[in-house]
Amino acid sequence: MRRGQGRAVVVVVASLVIAGGLGYAVLRRDSSWHASGMTRAMLVPGGSYASASARPMPPSRYASSGVPTAPIPAPPSGAPVDTGCRPGQGPDRLPDVSTAVSARVDAAWARIERWLVAHAPGSRLGPPADPARVAAAQREIGVPFPAELVASLRRHSGFDQIGGNGFTFPPFYQPISIDGIAREAKSLCTVLGEPVIGSGTGSWWHGQWLPFAVDGSGENLFLDQRQGRDGRLGEHDNEGDANFDRWPTGLTDLLEQTATALETGRPAFGRYPPKVEKGVLDWEIRR
């Protein structure tokens, strides 16, 4: 099942008068729903839904599987929220990649590459990223890149356009190019910078989360680069809280578990068995 391919997604921040008060909602209209005139709305803490088709979402903090996370203190009334966005303030130098980290990442990608050549030759893997561009993106975004992401980008970056038979992590997340990573991060920080939307910091999005794969409809996989989180892998839900529980602990684990699912045919993360359609890798979704 491939989700979001070919969709054009527009994010609009709207002020709404709801129940006598001013609230905010983020409206997403994409091409697959546009024909029927439907608009999805994402609840932002302090706001409400603008569409009856949107599902309720409590403005709760995310939970993680045994990973300690310091609570986010509520700012004084009227004080600006620190979203964690630091555009243009990232480190000048990329982290050193140890031999051990590089070996694990390269071995996992090699397993994926061999399987694709043998079973899904129509699936495309992106080229290696230019190290200078990776360093520039780190500065632009304001988030330090973890060593495992740098090692992975040395082997395979993603693509600017979603679809086109690009390789996907289960169940439908396609790696994006280094330029795409920068655009996605800066775009989400722009939305998070809205005064009321910023109250969703650490639950909906955080400026120190680093997106690296997208589904084409506004959601992504990211690495949590806040202090003490050590690149924890999470899933950004454009209409709810981020999720950490259903995912491997980091990017290297994601690569290795994806490779194992391909080689064995067993469902990745217990839910997503691989399949091949017309020579292209796809993933089933089992509830």
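Filtering region 244-270 to residues that are within 25 Å of residue 110 (Cβ to Cβ) and in a loop (DSSP other than H, G, I, E, B) leaves 247, 248, 249, 250, 265, 266, 267, 269, 270.
When region 270-287 is filtered for residues that are surrounded by fewer than 20 Cβ atoms within 10 Å (Cβ to Cβ) and either within 17 Å of the chain's Cα centre (by Cα) or of a type in the set (A, V, I, L, M) (or both), the ones remaining, listed by number, are 276, 280, 285.
Examine region 230-243 for a residue that is basic (Lys, Arg) and assigned to a loop (DSSP other than H, G, I, E, B), and state whether such a residue exists. Checked against the condition, which is being basic (Lys, Arg) and assigned to a loop (DSSP other than H, G, I, E, B), region 230-243 yields no hits at all. Number of residues in region 120-132 that are of a type outside the set (D, E, K, R) and surrounded by fewer than 16 Cβ atoms within 10 Å (Cβ to Cβ) equals 6. Of the residues making up region 175-194, those that are within 21 Å of residue 240 (Cβ to Cβ) and either among the polar types (S, T, N, Q) or surrounded by fewer than 24 Cβ atoms within 10 Å (Cβ to Cβ) (or both) number 8. Counting the residues of region 93-122 that are outside any loop (DSSP other than H, G, I, E, B) and either closer than 23 Å to residue 174 by Cβ or free of Cβ contacts under 8 Å to residues at least 40 places away in the same chain (or both) gives 19. Of all the criteria given as (1) on the phi > 0 side of the Ramachandran plot; (2) under 15 Å from the mean Cα position of the chain (by Cα), the one not satisfied by residue 165 is (2). Applying the set (1) surrounded by fewer than 18 Cβ atoms within 10 Å (Cβ to Cβ); (2) more than 17 Å from residue 255 (Cα to Cα) to residue 107 leaves exactly one unmet item: (2). Summed over region 133-145, residues that are touching a residue at least 12 places away in the same chain (Cβ under 8 Å) and either surrounded by fewer than 22 Cβ atoms within 10 Å (Cβ to Cβ) or over 18 Å from the mean Cα position of the chain (by Cα) (or both) total 7. Of the residues making up region 240-259, those that are of a type outside the set (D, E, K, R), more than 30 Å from residue 200 (Cα to Cα) and in contact (Cβ under 8 Å) with a residue 60 or more places away in the chain are 258, 259.
FYI, it's all coordinate maths here, none of it is from the lab. Quantities reported herein were computed from a predicted structural model and do not represent experimental measurements. Cβ coordinates were reconstructed from backbone atoms using ideal geometry, including for glycine residues, and neighbour counts include every protein chain displayed.
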